[in-house]
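J.: Got a structure here, written out as structure tokens. Questions coming.
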Amino acid sequence: MMSDWKPKRFWKVATAMPIDGGYTVLLDDRPVRTPAKAALTVPTMAMAEAIAAEWDAQEEQFDPGTMPVTRGANAAIDKVRVQRTEVVALLAEYGDSDLLCYRAAGPDALIAKQAEGWDPMLDWAARVLDAPLSVGEGVMHVTQKPETLGRLTAEIARFDDFALAAAHDLISMSGSLVLALAVTKEALSATDAWLLSRIDEHWQISQWGEDEEAAATEAAKCAAFLDADRFYRLSQN
């Protein structure tokens with residue numbers, strides 16, 4: 001069936017190499033291109049080497065699902081670069097609806113767990129980013145100060161296209177601009193950020209038990225979140 005088709009490996013070796021404007025990957029002597037046929041030019045040798053390793057790891061039939069660094073680079077070049085203004089605006093909106101600002105009305109144990117995990121991160125945002133955020137109970141919108149949202153938007157706008165591609169996943173998967181920025185600034189590990197973003201879900205599991213399918217879905221999301229963190233690190237080194 002056509003749905004079972006996968007492209008076959010046509011190269012012997014993948015090699016990372018410097019070029020004008022950055023680094024790229026050659027499949028034998030053919031430069032890798034993005035799905036939109038753009039040149040795959042990445043900002044660091046570490047990223048190029050990681051991409052080359054992903055291509056080298058493929059068997060006779062290769063699976064793009066096992067190539068997160070390649071996918072991240074494609075997204076940065078084909079999507080973020082051509083829609084940068086829109087991406088920055090989209091991510092900035094999370095500052096006005098950050099997960100950490102919406103607290104449970106009960107029970108007391110969950111309220112305490114949210115405060116224990118989230119209050120220190122809001123304190124960090126106020127202290128380090130000069131971006132104090134207000135907190136509310138329930139799902140009703142919490143209005144944030146325009147100057148705070150402006151500072152958070154400026155933080156996002158500083159990212160280059162590759163860092164912005166990583167930030168997109170870190171923010172959208174966690175639901176928190178604050179957690180994502182803390183990860184990029186090494187104030188918080190990606191693993192800890194993920195756990196903080198799942199306090200509500202893990203509370204429900206502790207009360208009602210774990211569903212096997214939901215657990216598998218969360219494991220996949222966590223892996224993708226950690227892949228985004230790795231992609232960010234590779235874009236910087």
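J.: How much length is gained on full extension from K221 to E93, taking 0.36 nm per residue of separation minus their Cα-Cα distance?
T.: Details: separation 128, 0.36 × 128 = 46.08 nm, distance 2.16 nm.
43.9 nm is the gain from fully extending K221 to E93.
J.: In nm, give the distance between the simple-model label positions of E147 and Q207, each being 7 Å from the Cα along the Cα-to-Cβ direction.
T.: Between E147 and Q207, the simple spin-label model gives 3.9 nm.
J.: With respect to the cross-link table entries K8/K37; K12/K37; K12/K221, which display a Cα-Cα separation exceeding 23 Å?
T.: Result: K12/K221 exceed 23 Å.
J.: Measuring from centroid to centroid over Cα atoms, what is the spacing of region 112-167 and region 17-62 in Å?
T.: With region 112-167 and region 17-62 each reduced to a Cα centre, they are spaced 35 Å.
J.: Moving to a separate point now. Return one number: the angle in degrees, 0 to 90 and rounded to the nearest 10, between the long axis of the Cα atoms of helix 45-56 and the longest principal axis of the Cα atoms of the chain.
T.: It is inclined by approximately 70 degrees.
J.: Going by alpha carbons, how many degrees (0 to 90, nearest 10) lie between the helix axis of 146-157 and the longest principal axis of the chain?
T.: Between the helix axis and the principal axis of the chain, the angle is about 20 degrees.
J.: Taking the beta-carbon count within 10 Å as an exposure proxy, list D28, D119, D169, D98 from fewest neighbours to most.
T.: Fewest to most other Cβ atoms nearby, the residues stand as D28, D119, D169, D98.
J.: What is the log10 of I(q)/I(0) for the chain, computed with the Debye formula using one identical point scatterer on each Cα and no solvent, at q = 0.13, 0.17 Å⁻¹?
T.: -0.86, -1.21
J.: Can you pull the one-decimal nm distance between simple spin-label points at V139 and R158, each 7 Å off the Cα toward Cβ?
T.: Between V139 and R158, the simple spin-label model gives 3.5 nm.
J.: Quick one: Debye curve from the C-alpha atoms of region 2-70, no solvent, what's log10 I(q)/I(0) at q = 0.16 Å⁻¹?
T.: -0.52
Laboratory data are not the source of any read-out in this text; all were calculated from the coordinates shown. Fair warning: this is a prediction, and the values are worked out from it, not measured in the lab. Reconstructed Cβ throughout: ideal geometry from the backbone, glycine too, with neighbour counts over all protein chains shown.
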